[in-house]
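Here's the structure, in structure tokens; my notes come after.
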Amino acid sequence: MRLLKIACILLIVMPVAFGLSASSASASGLCPDATIDQYLQQPVEKTLGNTKVIYAAEVNFRRLAAQSDRPMMLLFYNNDQDFSKGLAAVATCVINRYPQVRFIAYEIPELTQRELDRAGRYTGGTIQTVPSLYLYRYTKDGMELAGSIQEGYRDKDLVKKQIVRVDEFVKTELLH
């Protein structure tokens with residue numbers, strides 16, 4: 001038992017001592033630069049095609065979200081919008097590392113207040129903009145909103161920074 005405790009301490013302390021903490025992670029280690037470039041140039045749905053995404057529509061959204069018995073990422077996007085392309089790149093690069101997290105995408109084809117309000121019904125009325133990424137943790141009481149990103153990105157450097165941040169958030173907040 002004492003040996004097991006020592007091993008656990010070493011697993012926690014050694015990476016930090018050698019500068020391998022999560023804060024030193026780079027986006028390139030999570031997703032190659034060429035892949036990020038490609039994602040920023042193509043339609044969102046083509047990027048999402050590189051994941052095990054579940055596409056939701058108004059008719060099946062509640063059922064898909066309610067059936068989730070594991071952490072969930074929920075992306076609201078517009079297929080051709082540049083800002084959506086950046087956030088889809090972030091979500092795709094991160095979700096491919098965590099198959100235990102359910103990934104649901106919901107397209108909002110028309111960026112009108114009516115469409116935002118309609119989609120907002122599924123998140124408690126919190127959608128303010130498209131794209132948006134919601135991160136839910138699974139608890140014994142059901143799904144609980146752990147965090148969200150209410151903006152998109154066109155700049156590769158911002159996408160890379162967000163990939164690292166979201167990856168860290170998933171590890172520490174959704175999968176603990």
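The values are calculated or read from the model by the stated rules, or taken from the named source; none is laboratory data. This structure is a prediction, so every number in the text was calculated from the model and none was measured. Cβ sites come from the backbone with ideal geometry, for glycine too, and all protein chains shown count toward neighbours.
Going residue by residue through the range 107-124, is there one that turns out to be aliphatic (A, V, I, L, M), at pLDDT 80 or above and closer than 26 Å to H176 by Cβ? Among the residues of the range 107-124, not one is aliphatic (A, V, I, L, M), at pLDDT 80 or above and closer than 26 Å to H176 by Cβ, which makes the answer no. The strands (runs of 3 or more DSSP E) found entirely in the range 94-157 that carry 1 or more residues being without any contact (Cβ under 8 Å) to a residue 60 or more places away in the chain and of a type in the set (A, V, I, L, M, F, W, C) are 102-107, 142-149. Going by the structure shown, is E110 over 19 Å from Y39 (Cβ atoms), among the acidic types (D, E) and either surrounded by 16 or more Cβ atoms within 10 Å (Cβ to Cβ) or under 10 Å from the mean Cα position of the chain (by Cα) (or both)? Taking the combined requirement at face value, the residue does not satisfy it. Among the residues of the range 61-73, those identified as modelled with pLDDT under 90 and not in a helix (DSSP H, G or I) are Q67, S68, D69, R70, M72. Residues in the range 147-160 that are surrounded by fewer than 17 Cβ atoms within 10 Å (Cβ to Cβ), over 13 Å from F83 (Cβ atoms) and touching a helix residue (DSSP H, G or I) at 6+ places or on another chain (Cβ under 7 Å): 2 in all. Within the range 82-91, identify whether any single residue is at pLDDT below 85 and of a type in the set (D, E), and answer yes or no. No, because not a single residue in the range 82-91 is at pLDDT below 85 and of a type in the set (D, E).
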